[in-house]
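> Mind having a look at this structure? Questions to follow.
Derivation of every value follows stated rules applied to the coordinates shown; laboratory data play no part. Remember, predicted model here, so these are calculated numbers, not experimental data. Note that we place each Cβ from the backbone using ideal geometry, even for glycine, and neighbour counts take in every protein chain shown.
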Amino acid sequence: MSAKNCAQYTNKVILGPMVRIGTLAFRLLSLRYGADLVYSEEIIDWRLLRSKRIVNEEMGIIEYIDESDGTTIFSTCSEEKSKVILQLGTSDPERALKVGLLVQDDIAGIDINMGCPKDFSLKGGMGAALLKQPEKVQAILTTLVSNLRIPVTCKIRVLATVDETIKFSKMIQSCGVSAMAIHGRMVHERPQHANRSTVIRQVASELDIPVIANGGSKEITKYEDIARFRETTGCSSVMLARAAEWNASIFRPDGKIEMEQVIKAFLIIAVDKNNPFTNSKYTVQNMLREQQETPLGKRFLATQTMEDLCNIWDLKDHYNAKRKTYELYRGWNKHKADNEEHLPSSKKTKLLNESEKTQDSSVITVPACIFIRGHYATNELPKSVLVKWARENRLAVLPAYSTECTDKRFRSVVSIGGQNFMTDLWEKNKKQAEQAAAMACIKAMKIS
């Protein structure tokens, strides 16, 4: 079985897959610093299969949204289309193929994770569990190679012996994959253990497809070290994970730049591409490392919103400009999709009638108020602001909420000072629905 586009993986410097790090924002950062290819974090097959593809034209991104809870499973954009490899966690050929067919028009290749040692992967028969199931590996890889237009690859770890690793790797090659990445530590080993560069070299010498060396982050502290690691392992390409996580400018041929600049560049992309606050903070935290004990680090650790993060790195104006775009476009787009497409037609009619009835009953409806938790500190949540305002204005009764639930979607009305307020969007739980209603009231009453 012939491999597709092996040249895509030859003589390349690659960002490896990293849980919670390999998001669109970090991938774009790595590409702009010089990475040739970028891998997504591992995404489990069933999560993609229950997602819906949405094109966010305003932000220039394509999102795969989990229809069960509205979370973004995978996002990408045209800038990385020819360079992004989606890493898939799977243990089933049919599910893997369904995912491949779903996403192949948006990515440059698909990679099967066969090296993750985490319990979640192992118990699901995914990741490193596949190293003990060669027949299943063959079934998954041959199914994908035979039915997808894009290149198929996999990432493994070294096995107990060199001979076992070579035998397993040759089986993988026979499936028609375009390349194979290999991490030089066994499943039970961790970063403090030595990377087996010699074993990687022996495996690479036995294969005809490109082999991508991984696991050398302790040896790679500057750009020149990448070439040395490639030479030591005898591989076609090098994959960086932790070395890139610590400072993505490791991909720059001209050398690394100051961490302050790297963080600022990341946050600009994170804001532009709608990266969640919690993930952005996690990513920056892994960049700062020991600097978290400095005054800057302590300010960073105290942040509770994306705005807080941007303020530290003098990006307040950039954040404010993009936030308005986000609320007007993404909020309306995603939640309208929930309202108009996810509910049965009978429920749609019922909701419309209820909205009309509510409006006749003097409920002020403010359109497109979507509650985004990452935009608010705890003491600045819309409900908290509304309670504070009510007390300051000595209202006899504090805000009261009534909530309706239809097909696992929630919408609330807040009553305050003899008036009722709501938004026209539905939320995924009661708490968020009440916050959205409070937002509607704040906007309508122009409460600062």
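> Could you list HIS193, HIS188, HIS183, HIS318 so that the one with the fewest beta carbons within 10 Å of its beta carbon is first and the one with the most is last? Intermediate values should be presented prior to the final figure.
Values: HIS193 12, HIS188 9, HIS183 26, HIS318 16.
The order, fewest Cβ neighbours first, is HIS188, HIS193, HIS318, HIS183.
> If you don't mind, another one. Quote the charge dipole size of segment 202-312 about the Cα centre in Debye, to the nearest 20; the model charges only the Cβ of Lys and Arg (+1) and of Asp and Glu (-1). Write down the numbers at each step before the final one.
Details: 13 positive and 15 negative charges, 50 e Å.
With only Lys, Arg, Asp and Glu charged at Cβ, the dipole is about 240 debye.
> Need the full-extension length gain, LYS123 to GLU231, defined as separation in residues times 0.36 nm minus the C-alpha distance. One decimal, nm.
On the way: separation 108, 0.36 × 108 = 38.88 nm, distance 3.64 nm.
Residue separation times 0.36 nm, minus the Cα-Cα distance, leaves 35.2 nm.
> Taking a label point 7 Å from the Cα of LYS218 along the Cα→Cβ vector, which residues of segment 188-212 have an amide N closer than 20 Å to it?
Correct set: 188-202.
> While we're looking at this one, here's another question. If a/c stays under 1.5 just call it rounded; otherwise compare a/b with b/c (prolate if a/b is bigger, oblate if not). Do that for segment 1-60, with a ≥ b ≥ c from the square roots of the Cα gyration tensor eigenvalues. Can you show the working numbers first?
Values: a/c = 1.73, a/b = 1.25, b/c = 1.38.
Oblate, because a/c is 1.5 or more while a/b does not exceed b/c.
> Show that you can apply the helix-only estimate: for the chain, add -39,500 (n - 2.57) for every DSSP H stretch of four or more residues, divide by all residues, and state [θ] at 222 nm to the nearest 500.
Values: 18 runs with 183 residues, N = 448.
-12000 deg cm²/dmol, from helical runs alone.
> Positive end of the charge dipole of the chain (Lys, Arg +1 and Asp, Glu -1 on Cβ, about the Cα centre): tell me which of GLN435, ALA241, ILE44 has its Cα farthest that way.
GLN435
> Helix 382-392 against the longest principal axis of the chain: what's the angle in degrees, Cα atoms only, rounded to the nearest 10?
30 degrees
> Shifting gears a bit: Run the dipole for segment 20-157 about the Cα centre, Lys and Arg Cβ at +1, Asp and Glu Cβ at -1, nothing else charged, and hand back the magnitude in debye, nearest 20. Walk me through the numbers before you get to the answer.
Details: 18 positive and 19 negative charges, 96 e Å.
My answer is approximately 460 debye.
> Another question, then. How much FRET efficiency would the formula 1/(1 + (r/R0)^6) give for LYS298 and GLU260, where r is the Cβ-Cβ distance and R0 is 22 Å, rounded to 0.05? Show your work: numbers first, answer last.
On the way: r = 16 Å, r/R0 = 0.72.
Computed FRET efficiency for LYS298 and GLU260 comes out at 0.90.
> Now for a different question. Where a Cα-Cα gap under 18 Å defines reach, which aspartates and glutamates qualify for LYS222, not counting those fewer than 8 residues away within the same chain?
Correct list for LYS222: ASP36, GLU231, GLU245, ASP254, GLU258, GLU260.
> Note down the magnitude of the dipole of the chain about its Cα centre, charges +1 on Lys and Arg C-beta and -1 on Asp and Glu C-beta and zero elsewhere, to the nearest 20 debye.
Working: 63 positive and 53 negative charges, 119 e Å.
Using Cβ point charges on Lys, Arg, Asp and Glu, the chain gives about 580 debye.
> Turning to a different aspect of this structure: Here are labelled values, [x] 1.45; [y] 1.11; [z] 1.03, and one is the computed Cα Rg over 2.2 N^0.38 Å for what I pasted. Which one?
Evaluating Cα Rg over 2.2 N^0.38 Å on these atoms matches [y].
> Along the charge dipole of the chain, Cβ charges K/R +1 and D/E -1, which of PHE410, ALA129, PRO399 sits furthest on the positive end?
Selected residue: PRO399.
> What's the angle, to the nearest 10 degrees (0 to 90), between helix 345-360's Cα axis and the longest principal axis of the chain?
40 degrees
> Subtracting the Cα-Cα distance from 0.36 nm times the residue separation, let me have the gained length for LYS170 to ASN320 in nm, one decimal. Let's see the in-between values first.
Working: separation 150, 0.36 × 150 = 54.00 nm, distance 5.33 nm.
Extending this stretch completely gives an extra 48.7 nm.
> When Rg is the radius of gyration of the Cα atoms in segment 357-445 and Rh is its Kirkwood radius, what does Rg/Rh come to? Let's see the in-between values first.
Numbers: Rg = 12.3 Å, Rh = 13.0 Å.
That ratio equals 0.95.
> Quick check on the exposure proxy: order ILE212, ILE21, ILE250 from fewest to most C-beta atoms within 10 angstrom.
Values: ILE212 30, ILE21 23, ILE250 26.
Fewest to most other Cβ atoms nearby, the residues stand as ILE21, ILE250, ILE212.
> Number of Lys pairs in segment 1-138 with C-alpha atoms less than 19 angstrom apart, excluding same-chain neighbours closer than eight positions?
11
> Between helix 223-233 and the chain, what is the angle of the helix's C-alpha long axis to the longest principal axis, kept within 0 to 90° and rounded to the nearest 10?
50 degrees
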